[in-house]
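Everything below concerns the one structure shown next.
The values are calculated or read from the model by the stated rules, or taken from the named source; none is laboratory data. This one's a predicted model, so the numbers in the text were calculated from it and none came from an experiment. Note that we place each Cβ from the backbone using ideal geometry, even for glycine, and neighbour counts take in every protein chain shown. The protein model used for the area step is the full one, side chains on, heavy atoms only, and it has no ligands, DNA or RNA in it. Shrake-Rupley method; radii C 1.70, N 1.55, O 1.52, S 1.80 Å.
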Amino acid sequence: MFNIGEMRDKIDFYIDTKEQDNLQPILKPYLNGIYAKGIKLLGKENIALNATNNTIQVNFIIRYREDISEDMYIKYKDKFYNIVGFEKLKNNNSFLLIATTLKDGAESGI
């Protein structure tokens, strides 16, 4: 069972404006200050997911929202992450598990 007290991290959601500055997309804030639990995957979990060595995968757990999509980005600890997919937690449908990878050009902040 998931404990809501573990959601101590704040994340922000950004959307792509479809504009570019120096070949980088311009991102616009969408949701700010959402409480989440950030979980960096261990090496064996990355291997099980066939992740490459330079891919950093992080899962975030937030309260369920219907307005989240895979074309958004998450900002956490001054780093941006691409949303790879999401699903409701199996043991509690009021929470959403979001799988992410580190956005190109960013370094790990976890």
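From the list ASN54, ASN92, the lone residue that is polar (S, T, N, Q) and either at pLDDT 90 or above or open to solvent by 50 Å² or more (accessible area, probe 1.4 Å) (or both) is ASN54.
Output the residue which, of all residues in the range 2-26 that are of a type in the set (A, V, I, L, M), open to solvent by 40 Å² or more (accessible area, probe 1.4 Å) and at negative phi, is modelled with the highest pLDDT. Result: ILE15.
Taken over the range 1-43, residues that are of a type in the set (D, E, K, R), within 21 Å of GLU70 (Cβ to Cβ) and over 18 Å from the mean Cα position of the chain (by Cα) amount to 2. Being open to solvent by less than 70 Å² (accessible area, probe 1.4 Å), at pLDDT below 85 and under 16 Å from THR100 (Cβ atoms) is the requirement here; does LEU49 meet it? No: the conditions fail for LEU49.
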